[in-house]
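S.K.: Structure below; questions to follow.
The values are calculated or read from the model by the stated rules, or taken from the named source; none is laboratory data. What you see is a predicted model; the values in this text were computed from it and never measured.
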Amino acid sequence: MPSGVSWPRYIRMLGSSVLAMFAGAQLVHLYYLPDLSIPEVPPKPGELQTELLGYKLRAEAAALQQKVDSR
């Protein structure tokens, strides 16, 4: 058997590592909550919003603040 271990020990280690991998993937999905919905009609070119909205709002607020400060 690989690495000189017995079959039962190898199967136990394989099973425990697979279970740990599945548990880790489940925790990541619970933490990040991915959007797994698939739209029925794909968006037209230019309609897909991939911008970081928080970053865009902060950038707009900073631009407005600079505009007000320059007056």
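S.K.: As an exercise: evaluate SER37 against (1) at pLDDT below 75; (2) not in a helix (DSSP H, G or I) and give the number of the one condition it does not meet.
M.R.: Result: SER37 fails condition (1) only.
S.K.: Okay, moving on. Could you please find all residues in the range 49-71 being modelled with pLDDT under 70 and among the hydrophobic types (A, V, I, L, M, F, W, C)?
M.R.: LEU52, LEU53
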